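Have a look at the structure below, then the notes.
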């Protein structure tokens with residue numbers, strides 16, 4: 001006789017309309033916007049809530065994110081999907097770039113490269129991803145990220161190139 005055991009789990013998330021805070025981001029310096037979001041003045045982006053990520057330290061050119069790998073991050077082979085590490089690194093590096101931008105200036109990721117050094121599992125515990133700008137140009141910025149566990153062990157390293165979107169000359173906000 002075959003007996004079925006229910007192994008299904010459920011996870012529910014809620015989020016606020018991301019466009020309201022995205023509109024505020026345009027009117028603020030990048031670092032001021034990120035700090036306001038960290039203080040709870042703006043809701044976090046839905047992606048942070050979906051992935052259970054948290055923003056930590058915010059300095060000009062350096063932003064830290066945290067996540068505790070969980071079962072809902074797993075891929076079919078029993079470890080955390082590499083997309084979590086990519087998302088964490090992309091977020092930390094992108095926000096590090098954003099922290100250097102004046103009001104009215106935007107960016108987007110143009111290229112992302114990541115090296116995975118060891119697998120993340122729920123047993124890994126909370127990990128820290130530090131994003132740091134390594135070049136802040138007027139049209140292109142570059143950043144790197146390091147994904148580290150609580151003992152300082154490196155799990156991944158990433159780099160990015162971001163393109164900077166500036167308004168036409170003379171219309172930039174200060």
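Surrounded by 14 or more Cβ atoms within 10 Å (Cβ to Cβ), in contact with a strand residue (DSSP E or B) (Cβ under 6 Å, 6 or more places away or on another chain) and in contact (Cβ under 8 Å) with a residue 24 or more places away in the chain: does that describe residue 38?
Judged against the criteria, residue 38 is not a match.
In this structure, is residue 99 closer than 24 Å to residue 167 by Cα, touching a residue at least 12 places away in the same chain (Cβ under 8 Å) and touching a strand residue (DSSP E or B) at 6+ places or on another chain (Cβ under 8 Å)?
Taking the combined requirement at face value, the residue satisfies it.
With the requirement that a residue be buried (at least 17 other Cβ atoms within 10 Å of the Cβ), in contact with a helix residue (DSSP H, G or I) (Cβ under 7 Å, 6 or more places away or on another chain) and within 23 Å of residue 26 (Cα to Cα), what does region 105-127 give you?
107, the sole residue that qualifies.
Sort out which residues of region 41-56 are within 17 Å of residue 148 (Cβ to Cβ) and either more than 15 Å from the chain's Cα centre (by Cα) or touching a residue at least 40 places away in the same chain (Cβ under 8 Å) (or both), and write them in order of number.
55, 56
Can you tell me which of (1) farther than 30 Å from residue 27 by Cβ; (2) assigned to a strand (DSSP E or B); (3) over 15 Å from the mean Cα position of the chain (by Cα) is the one residue 77 doesn't meet?
Of (1) farther than 30 Å from residue 27 by Cβ; (2) assigned to a strand (DSSP E or B); (3) over 15 Å from the mean Cα position of the chain (by Cα), only one is false for residue 77: (2).
Go through (1) under 21 Å from residue 148 (Cβ atoms); (2) at pLDDT 95 or above for residue 111 and report which single condition fails.
Of (1) under 21 Å from residue 148 (Cβ atoms); (2) at pLDDT 95 or above, only one is false for residue 111: (1).
Could you tell me which of the residues 23, 49 is out of contact with any strand residue (DSSP E or B) (no Cβ under 9 Å at 6 or more places or on another chain), closer than 23 Å to residue 158 by Cα and either assigned to a loop (DSSP other than H, G, I, E, B) or at pLDDT below 95 (or both)?
Matching residue, one of 23, 49: 49.
Determine whether residue 153 is without any contact (Cβ under 8 Å) to a residue 60 or more places away in the chain, surrounded by fewer than 16 Cβ atoms within 10 Å (Cβ to Cβ) and within 18 Å of the chain's Cα centre (by Cα).
Against the criterion (without any contact (Cβ under 8 Å) to a residue 60 or more places away in the chain, surrounded by fewer than 16 Cβ atoms within 10 Å (Cβ to Cβ) and within 18 Å of the chain's Cα centre (by Cα)), residue 153 does not qualify.
Which pairs do you get when a residue that is exposed (fewer than 13 other Cβ atoms within 10 Å of the Cβ), found in region 11-27, comes within reach of a residue that is part of a loop (DSSP other than H, G, I, E, B), reach meaning Cβ atoms under 7 angstrom, with the pair 6+ apart or on two chains?
27/103; 27/173
The values are calculated or read from the model by the stated rules, or taken from the named source; none is laboratory data. The structure presented is a predicted model; accordingly, all values stated were derived computationally and were not measured. For neighbour counting, all protein chains shown are included, and Cβ atoms are generated from backbone atoms with ideal geometry for every residue, glycine included.
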